[in-house]
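Novice: Quick one: structure below, then a few questions.
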Amino acid sequence: MPDETTPSARLAAILAALFPDGHAVAVADGLVTGDGPFGEGRLAVIGIDSDTALGIEGACLLAGRVLDVARAGGGTPILVLVDSDSQRMSRRDELLGLNEYLAHLAKALLLADAQGHPTIGLLYGHSAAGAFIATALATRVLAALPGAHPSVMDLPSVARVTKLPLEKLEAMARSTSVFAPGLDNMVRTGAVQVTLDPAKPLGAQVAALIAEAPTSDTRDALGRERGGRPLAHDIAARVMREAEGRVVRGV
């Protein structure tokens, strides 16, 4: 059993590449918090390591760190490193309102980003379900390293929920990216903007993501361009037009 205060080998390598002069990023119970010198300023870091499930305590701790950065101001970017299990599947967490804690974390990231702290997600391992949505998908830009394996829900779980045969779901997943797990499918749908090149300096690639981050959510447009979500962009645009029309008409 690895020491719970020691980062995984892959996380340690990522931190060393990002902060060659040292950093103040720590791992406790699979949760990553801290910061380090980056360019002419600092880079705040939160995240989940070693395929850890995200429970109420973890979501609250990470959200608190994000809000601390937002309160301090200064436009410090926030990097969200993700190698998680799903949300913690326990009766205790569900009864205590895990969904609200996960939503709080996602809203904290959205708030920080709106207040001038660019949020960049970096998937370097596994992630799924509520933990994936509340961390990686709540950032302005989501990148991944080769070998990452995200999913909103794995196919065996989908089979249990829908009562459809796993074989049928696997066949559907081969032709429908929005339905299928895995990094390639997340790239096609636009959820993951880019897969980083491990042969190039990681710090420079992350700095470019921060500098070139779009000012609005472009995931539906990327999904349309890449063929993974051909209808989402146009449907969202139609909803916005209808809503704006109702406001103009005073409905």
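The values are calculated or read from the model by the stated rules, or taken from the named source; none is laboratory data. Remember, predicted model here, so these are calculated numbers, not experimental data. Ideal geometry is used to build each Cβ from the backbone, glycine not excepted, and the neighbour counts take in all protein chains shown.
Novice: State whether one or more residues within the stretch 194-205 are modelled with pLDDT of 90 or more, out of contact with any strand residue (DSSP E or B) (no Cβ under 8 Å at 6 or more places or on another chain) and farther than 20 Å from TYR124 by Cα. Break it down stepwise before answering.
Specialist: The first filter runs over the stretch 194-205 and keeps only residues modelled with pLDDT of 90 or more, leaving 194-205.
Adding the requirement that they be out of contact with any strand residue (DSSP E or B) (no Cβ under 8 Å at 6 or more places or on another chain) leaves 197-202, 204.
Keeping just the survivors that are farther than 20 Å from TYR124 by Cα gives none.
No: the stretch 194-205 contains no residue that is modelled with pLDDT of 90 or more, out of contact with any strand residue (DSSP E or B) (no Cβ under 8 Å at 6 or more places or on another chain) and farther than 20 Å from TYR124 by Cα.
Novice: Of all residues in the stretch 61-97, count the ones that are aliphatic (A, V, I, L, M) and at pLDDT below 95. Let's see the steps before the verdict.
Specialist: We begin by selecting, within the stretch 61-97, every residue aliphatic (A, V, I, L, M); these are 61-63, 66-67, 69-70, 72, 78-82, 89, 95-96.
Retained after the next criterion (residues that are at pLDDT below 95): 89, 95-96.
So the count comes out to 3.
Novice: Kindly list the number of the only condition in (1) closer than 25 Å to PRO214 by Cβ; (2) among the aliphatic types (A, V, I, L, M); (3) in contact (Cβ under 8 Å) with a residue 60 or more places away in the chain that fails for ALA114.
Specialist: Among (1) closer than 25 Å to PRO214 by Cβ; (2) among the aliphatic types (A, V, I, L, M); (3) in contact (Cβ under 8 Å) with a residue 60 or more places away in the chain, the lone unmet condition for ALA114 is (3).
Novice: Turning to a different aspect of this structure: Can you tell which of ALA24, ALA53 is part of a strand (DSSP E or B), farther than 18 Å from ALA143 by Cα and touching an Asp or Glu at 6+ places or on another chain (Cβ under 7 Å)?
Specialist: Selected residue: ALA53, the only one of ALA24, ALA53 that is part of a strand (DSSP E or B), farther than 18 Å from ALA143 by Cα and touching an Asp or Glu at 6+ places or on another chain (Cβ under 7 Å).
Novice: Please state which of the following conditions ALA53 fails to meet, knowing it meets all the rest: (1) modelled with pLDDT of 95 or more; (2) within 19 Å of PHE132 (Cβ to Cβ).
Specialist: Checking ALA53 against (1) modelled with pLDDT of 95 or more; (2) within 19 Å of PHE132 (Cβ to Cβ), the one that fails is (1).
Novice: Still on this structure, I have one more. Consider only pairs whose beta carbons are under 7 Å apart and that are at least six residues apart or on different chains; among these, list those whose first residue lies in the stretch 122-149 and is within 17 Å of LEU15 (Cβ to Cβ) and modelled with pLDDT under 95 and whose second residue is among the aliphatic types (A, V, I, L, M) and surrounded by fewer than 24 Cβ atoms within 10 Å (Cβ to Cβ).
Specialist: From residues that are within 17 Å of LEU15 (Cβ to Cβ) and modelled with pLDDT under 95, the pairs are GLY125/ALA148; ALA148/LEU183.
Novice: Taking THR33 as meeting all but one of (1) at pLDDT 95 or above; (2) surrounded by 20 or more Cβ atoms within 10 Å (Cβ to Cβ), write down the number of the exception.
Specialist: If we test THR33 against (1) at pLDDT 95 or above; (2) surrounded by 20 or more Cβ atoms within 10 Å (Cβ to Cβ), just (2) comes out false.
Novice: Just a yes or no: is a residue in the stretch 234-251 buried (at least 18 other Cβ atoms within 10 Å of the Cβ) and either modelled with pLDDT of 85 or more or not small (Gly, Ala, Ser) (or both)? Let's see the steps before the verdict.
Specialist: Within the stretch 234-251, the subset buried (at least 18 other Cβ atoms within 10 Å of the Cβ) is none.
No, that holds for no residue.
Novice: If you don't mind, there's one more thing I want to ask. Of the residues ALA59, ALA63, only one is touching a His at 6+ places or on another chain (Cβ under 6 Å), within 13 Å of LEU105 (Cβ to Cβ), surrounded by 22 or more Cβ atoms within 10 Å (Cβ to Cβ) and not β-branched (Val, Ile, Thr); which?
Specialist: Of the residues listed, the single one that is touching a His at 6+ places or on another chain (Cβ under 6 Å), within 13 Å of LEU105 (Cβ to Cβ), surrounded by 22 or more Cβ atoms within 10 Å (Cβ to Cβ) and not β-branched (Val, Ile, Thr) is ALA63.
Novice: Going through the stretch 206-221 one residue at a time, which ones are over 18 Å from ALA138 (Cβ atoms) and either surrounded by fewer than 17 Cβ atoms within 10 Å (Cβ to Cβ) or in contact with a Lys or Arg (Cβ under 7 Å, 6 or more places away or on another chain) (or both)?
Specialist: Here is the first cut: in the stretch 206-221, the residues over 18 Å from ALA138 (Cβ atoms) are 207-208, 211-212, 221.
Listed by number, the residues that qualify are ALA208, ALA211, GLU212.
Novice: Also, I was wondering about something else. May I ask you to list the residues in the stretch 213-223 that are out of contact with any strand residue (DSSP E or B) (no Cβ under 6 Å at 6 or more places or on another chain) and touching a residue at least 12 places away in the same chain (Cβ under 8 Å)?
Specialist: Scanning the stretch 213-223 gives PRO214, ASP217, THR218, ARG219, ASP220, ALA221, LEU222, GLY223.
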